[in-house]
1. I need the peptides 380-388, 150-158 ranked by packing, meaning the mean over residues of other C-beta atoms within 10 angstrom, with the highest value on top.
2. Averaged per residue, what accessible area in Å² does region 80-204 show with a 1.4 Å probe, protein chains only?
3. To the nearest 20 Debye, how big is the dipole of the chain about its Cα centre, given +1 on the beta carbon of each Lys and Arg and -1 on that of each Asp and Glu?
4. For Met1 and Asn59 in one chain, what is 0.36 nm times their gap in residues minus the Cα-Cα distance, to one decimal in nm?
5. Taking a cut-off of 23 Å between Cα atoms, list the lysines near Lys187, but don't count ones fewer than 8 places away on the same chain.
6. Expressed in nm to one decimal, what extension gain is obtained for the pair Asp169 and Thr8 from 0.36 nm per residue of sequence separation less their Cα-Cα distance?
7. In nm, to one decimal, how far is the modelled label at Leu358 from the one at Met16, with both set 7 Å along Cα→Cβ?
8. What accessible area per residue, rounded to a whole number of Å², is obtained for region 269-375 using a probe radius of 1.4 Å?
Amino acid sequence: MIQRVRGTRDFTPQDMSRRRQLEDLLRRISRDYGYREIQTPVLENAELFVTKSGPGVLNEMYSFEDKGGRAIALRPELTAPIIRFYVNDLTNLPMPLKLFCISSCFRYEEPQSGRYREFYQYDVEIIGSEKAEADAELLLLADDLCRRLGLNEVEFRIGHVGIIRGLLDAAGMPQDRQSELLRLVDKKKLDEARAYMLSEGVSEADAGDILATCQKKGDREVLKGLKGEASEYLERVIRLAEKGGASNLSLDLGVVRGLDYYTGLVFEIDAPELGAEKQICGGGSYALAELFGGQPVQSTGMAFGFDRLILAMEKTGQLAPEEGIELFILAVTPAQSEEMVRLAGGARKAGISTEFDLMGRSMSKSLKYASSRGARYALILGEREMAAGKVLLRDMDNGEQSEIGIGSVVDELRQRLAVR
Ligand code: HAM
């Protein structure tokens, strides 16, 4: 038997019904906030990601040489592709450009529950604004989404890369040495972070202060005593988002994010019910357009892990079961087959979801199948009834059967289904 590729998944009809429910909800909330949907290709030139996504993502990237000798990658994330698309084709659109997509991404990671090699993201980007209002709007959307999904225990961790970078500047660490430090802080390797700072000439006292700042968590109070634009900006974003109704927000100055492109506000959201892989969202503001050959443009965005949202919603019982069909039609003998197909056509035209028998099995087996498909009604075409211009309509919930005229099948079903 040929197995699927490690870290990938097949989705059953039941899985897909749940995934569609989430997609519908994501499209609805995107629309409510004025975001427009786009799609980019699964394949990109590898250099798109080499430029700025950071070694974390690069080590995990699926990349290969194509038949023309080009270095190609399966996209590990959606931000760089969206900004490439913007720089290629969308710069004439009015700003801000508010875009979203729901797409697959690929990372060569060690698979475990909630971590896959092929996974999906719901990505939201605002291109063209450097205002606190844009970052605040993202937080509002994220907060609203978690609420609509019934994820009431989520934890926001909001920071600003400028706070730690500002302290590192003041401590004399050159900017091109700072990314490595942020990476260690992101991985919570604080002992290594201290050793790295000391090896880069930062004093013991400054290193201690910087690590203490990285560990500050809580409400806006944690910003007290911090000076500089970054902390003022962060305070303003939180204030705006709270005015807009967000109530779950909390700060964590140690959040600096693994991807290299962030320049300002950064945040992550955890759903504690998910255990080890509990991070359902990551985002922040960044400037990538210039790097990809465009004019300098500030952007901000976030991506939710689609699969992790599904897992969290399963845990909180938020997903409805797969919808069944409304009608199943069966012919008792092959002589009624043509009428079966004709009646199915009429019902479908009337908007009634309908299957007809494709197997020619006994009535009891056909009804068993209809029930496994969640059919609400079955229409049984028997020789005797049909000779009298009638068919049997069976209510699959309670087994009650009644004879109805062939000509009134659609009207009768419409009435009964409307009553439900
Ligand atoms: P990220 O934090 O790398 O950020 O990924 C965003 C989310 O994708 C994570 O919080 C997680 O829920 C989900 N995720 C990541 N890797 C996996 C995996 N292997 N299996 C399942 N889910 C996973 C980004 O990708 C940035 N592009 C976000 C962004 C958008 N920043 C600005 N705009």
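1. On the way: 380-388: 15.1, 150-158: 17.8.
Peptide ranking by packing, descending: 150-158, 380-388.
2. Details: 5240 Å² over 125 residues.
Result: 42 Å² per residue.
3. Working: 56 positive and 66 negative charges, 195 e Å.
Using only the charged Cβ atoms, the result is roughly 940 debye.
4. Values: separation 58, 0.36 × 58 = 20.88 nm, distance 3.07 nm.
My answer for the length gained is 17.8 nm.
5. Those lysines meeting the cut-off are Lys52, Lys216, Lys217, Lys278.
6. Values: separation 161, 0.36 × 161 = 57.96 nm, distance 4.31 nm.
Additional length available on full extension: 53.6 nm.
7. 1.2 nm
8. On the way: 5050 Å² over 107 residues.
Result: 47 Å² per residue.
The values are calculated or read from the model by the stated rules, or taken from the named source; none is laboratory data. What you are looking at is a predicted structure, and each value in this text was computed from that prediction instead of being measured. Positions of Cβ are backbone-derived with ideal geometry, glycine not excepted, and every protein chain shown enters the neighbour counts. Ligands, DNA and RNA are stripped out before the accessible areas are found, and what is left, the full protein with its side chains, is counted by its heavy atoms. Shrake-Rupley method; radii C 1.70, N 1.55, O 1.52, S 1.80 Å.
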